[in-house]
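Data block below; observations after.
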Amino acid sequence: MPPTLELRSKQHVALTPRLQQSVRLLQLSSLEFQHELRQALDNNPFLEYDDPIAEESESPANGTRTADGAELQSGVAADAPQTVEAADSYDGLASPDATVTAPADDPIGDFGQDWSTRGASRNNGDSDDVDPGAWAHAQPTMHEHLHNLLHLYPLTERDRAAAQIVIEALDDDGYLRESLEELAGAFEADPPLSEEELRVALRLVQTLDRPGVGARSLSECLSLQLDVMSSDTPGRDAAREIVEHHLERLARREHAELQKQLGCSAEELRTACALVRRLDPKPGQFYARSDDNYVIPDVIVRRVKGRWVASINPAVLPRARIHRVYAELFAQSGGAGSPLGQQLQEARWLLRNAEQRFTTIQRVAQCIVSYQKAFFDYGEIALKPLVLSKLAEELGLHESTVSRASSNKYMATPRGIFEFRHFFPRELATETGGRCSAAAVRALIKEMIDQEDVRNPLSDVALAKMLSQEGMIVARRTVAKYRNLLKVPPAQLRRQA
């Protein structure tokens with residue numbers, strides 16, 4: 001066939017760089033967004049921190065002067081027309097209905113408005129005589145902590161070396177899994193360390209800090225913890241007998257056989273078992289606990305005049321703005337197509353997309369609060385089923401936009417801090433043809449378990465029957481799944497003598 005020319009037309013969706021940035025910023029968490037903003041502030045000369053405290057300290061009238069003596073008012077040139085009107089704000093967030101006007105020759109447009117964030121300051125307190133390492137805090141490990149305590153004891157060099165060998169042999173749970181004979185043969189000394197020397201060193205290590213550290217078995221670990229208790233502790237003697245000889249029976253909940261072996265009453269056995277359960281089977285894990293990770297909520301929910309209102313947390317709002325002096329000098333130079341012009345455009349995009357991000361998050365949060373207002377009044381049991389598509393339809397947004405706005409976002413409420421996704425429980429059917437949420441079913445299961453008889457706890461089948469009496473159709477395996485999500489053990493492990 002001879003070659004031919006063919007003309008075809010087709011359409012496809014392409015995301016512009018600005019839209020790509022808007023989508024990416026929306027799905028970031030608050031900490032990730034703060035990191036993104038700080039990188040932009042460090043790399044883009046047209047962005048600056050907005051620190052009102054520093055500005056007030058420079059001049060009582062918020063005025064500063066440039067190198068040639070020209071006075072600036074809040075970062076605006078003195079000869080520039082003051083046409084930017086103050087927009088109404090809603091807890092630090094510009095109202096969507098507010099309009100900001102600017103002259104046609106203003107290179108800033110509507111990007112000179114103030115934004116706020118915590119800890120963003122041009123004067124961060126760093127100086128040459130300050131060591132940042134002095135601020136660092138490191139949690140010592142179990143071995144480091146025990147070595148530090150060992151230095152407080154006046155020991156001979158040989159005894160100290162034996163104790164250090166024992167400390168280094170402990171595992172992460174605080175147990176000594178190797179035998180003393182193996183430890184004695186693994187380290188060279190002149191003369192060689194004997195098992196008796198290591199046994200004495202082990203007893204010293206067991207008394208350094210937390211009771212149970214340095215134990216060679218679970219029974220010894222629990223016995224060491226009982227030894228430090230007062231002799232008049234109720235159930236202490238029976239508990240010692242249990243941990244030394246009857247741990248397996250206790251694990252199998254053979255209370256009748258335990259009572260027979262110990263020769264005690266049912267009440268004494270119940271007290272002893274409760275005392276054993278309070279002991280720590282892995283004392284070494286105490287040193288592995290890291291500092292708590294605190295969640296910074298994106299939205300704060302308050303009750304205002306009988307109505308639940310969601311507002312953006314001022315602590316997560318970015319305190320950044322366009323550097324007016326640099327922008328005006330660049331506009332006078334006329335280098336619109338230069339790399340600096342691209343950076344100025346990127347700064348404008350960043351601030352506009354940041355505003356759009358918080359506006360979308362606030363709208364989604366307020367819609368969630370309005371739909372789930374019964375939750376804020378009555379608690380978890382009143383949580384209604386909700387899906388992203390319903391919220392997107394009500395807000396006039398795409399479902400993916402609502403998904404990004406609710407991902408890794410948190411809401412501070414009078415009932416605690418919850419992730420946005422917590423308010424999207426799935427729907428379950430009822431016998432009457434109605435509907436209820438899975439969260440409400442979990443709350444009802446938790447309430448039933450809290451009110452059960454500890455001597456005859458409710459099984460998963462019994463819980464399913466009780467739910468059916470309430471009109472909720474839930475299978476036994478679903479009840480078991482919800483019980484596991486609540487971190488509640490099965491009935492045979494909840495039974496008490």
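Scanning the stretch 303-335 for residues that are touching a Pro at 6+ places or on another chain (Cβ under 8 Å) and farther than 22 Å from Asp50 by Cβ returns a single hit, Arg303. How about the stretch 343-414: which helices (runs of 4 or more DSSP H) wholly inside it have at least 2 residues that are farther than 30 Å from Arg319 by Cα? Once the helices (runs of 4 or more DSSP H) in the stretch 343-414 are filtered for at least 2 residues that are farther than 30 Å from Arg319 by Cα, what remains is 373-378, 388-395.
Of all residues in the stretch 139-167, those satisfying the criterion of being within 17 Å of Phe286 (Cα to Cα) and not hydrophobic (A, V, I, L, M, F, W, C) are Gln139, Pro140, Thr141, His143, Glu144, His145, His147, Asn148. Selection of the stretch 263-316 for residues being under 20 Å from Phe420 (Cβ atoms) and aromatic (Phe, Trp, Tyr) yields Tyr294, Trp308. Inspection of the stretch 453-463 identifies at least one residue that is within 21 Å of Arg426 (Cα to Cα) and either part of a loop (DSSP other than H, G, I, E, B) or out of contact with any Lys or Arg (no Cβ under 6 Å at 6 or more places or on another chain) (or both). Could you list, in sequence order, all residues of the stretch 232-272 that are among the hydroxyl-bearing types (Ser, Thr, Tyr) and more than 42 Å from the chain's Cα centre (by Cα)? Answer for the stretch 232-272, where residues must be among the hydroxyl-bearing types (Ser, Thr, Tyr) and more than 42 Å from the chain's Cα centre (by Cα): just Ser265. Scanning the stretch 270-294 for residues that are surrounded by 15 or more Cβ atoms within 10 Å (Cβ to Cβ) and assigned to a loop (DSSP other than H, G, I, E, B) yields a count of 4.
Number of residues in the stretch 263-281 that are closer than 30 Å to Asp171 by Cβ and either in contact with a helix residue (DSSP H, G or I) (Cβ under 8 Å, 6 or more places away or on another chain) or among the β-branched types (Val, Ile, Thr) (or both) equals 7. The residue of the stretch 303-342 that is surrounded by the fewest Cβ atoms within 10 Å (Cβ to Cβ), among those that are part of a loop (DSSP other than H, G, I, E, B) and among the small types (Gly, Ala, Ser), is Gly306. If you check Met411 against the conditions, is it over 15 Å from the mean Cα position of the chain (by Cα), at pLDDT 85 or above and surrounded by 13 or more Cβ atoms within 10 Å (Cβ to Cβ)? So Met411 fails the test.
Screening the candidates Leu463, Leu485 for the property of being of a type in the set (A, V, I, L, M), surrounded by 15 or more Cβ atoms within 10 Å (Cβ to Cβ) and outside the structural domain of Ser265 (by TED's automatic domain parsing) yields one hit, Leu463. Ser389 passes every criterion in (1) over 24 Å from Tyr482 (Cα atoms); (2) among the polar types (S, T, N, Q); (3) modelled with pLDDT under 80 apart from (3).
The values are calculated or read from the model by the stated rules, or taken from the named source; none is laboratory data. All of these numbers come straight from a predicted model, not from anything done at the bench. All Cβ positions, even for glycine, are placed from backbone atoms using ideal geometry, and neighbour counts span all protein chains on display.
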